[in-house]
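The values are calculated or read from the model by the stated rules, or taken from the named source; none is laboratory data. All figures in this text were calculated on a predicted structure; none of them were measured in a lab. Neighbour counts are summed over all protein chains in view; Cβ atoms, including those assigned to glycine, are modelled from backbone coordinates with ideal geometry. The accessibility values were calculated without ligands, DNA or RNA, using every heavy atom of the protein model including side chains. Shrake-Rupley method; radii C 1.70, N 1.55, O 1.52, S 1.80 Å.
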Amino acid sequence: MGIGRDSRHKHYKTGGRSKTSIKKRKYEMGRPATLCKLGAKRVRPVRCRGGNMKYRALRLDSGNYAWGSENVTKKVRILDVVYNASSNELVRTKTLLKNTIIQIDAQ
């Protein structure tokens, strides 16, 4: 089937149904989530619309993190994934997502 980001399946503002007799288009394409893991740095380029490139992180071992209590932002090594509000499976598999609580190497 593929992952689509189209809005043709929605109703019109007036409540009417839109025509669905149109094929999926390349510009409506979506991609599956990568779910970056903790490990040695592994980044893959992905070709985007217009020939531009995005860089998809598959594994990372460092990042730019803000340390609120010390009022400092630094590039530091990530040691471990401690907590994720979404799921404990993300902690067990050491998946790095937004709002994940991690343990860093303080310098």
> From the residues in the range 23-32 that are surrounded by fewer than 10 Cβ atoms within 10 Å (Cβ to Cβ) and of a type outside the set (Phe, Trp, Tyr), which one is nearest to the chain's Cα centre (by Cα)?
Replying inline: PRO32
> Which is over 17 Å from the mean Cα position of the chain (by Cα) and open to solvent by 80 Å² or more (accessible area, probe 1.4 Å), of SER7, SER18?
Replying inline: SER7
>> I'd like the residue in the range 59-107 that is touching a residue at least 12 places away in the same chain (Cβ under 8 Å) and among the acidic types (Asp, Glu) and, out of all such residues, is nearest to CYS36 (Cα to Cα).
In response: ASP61
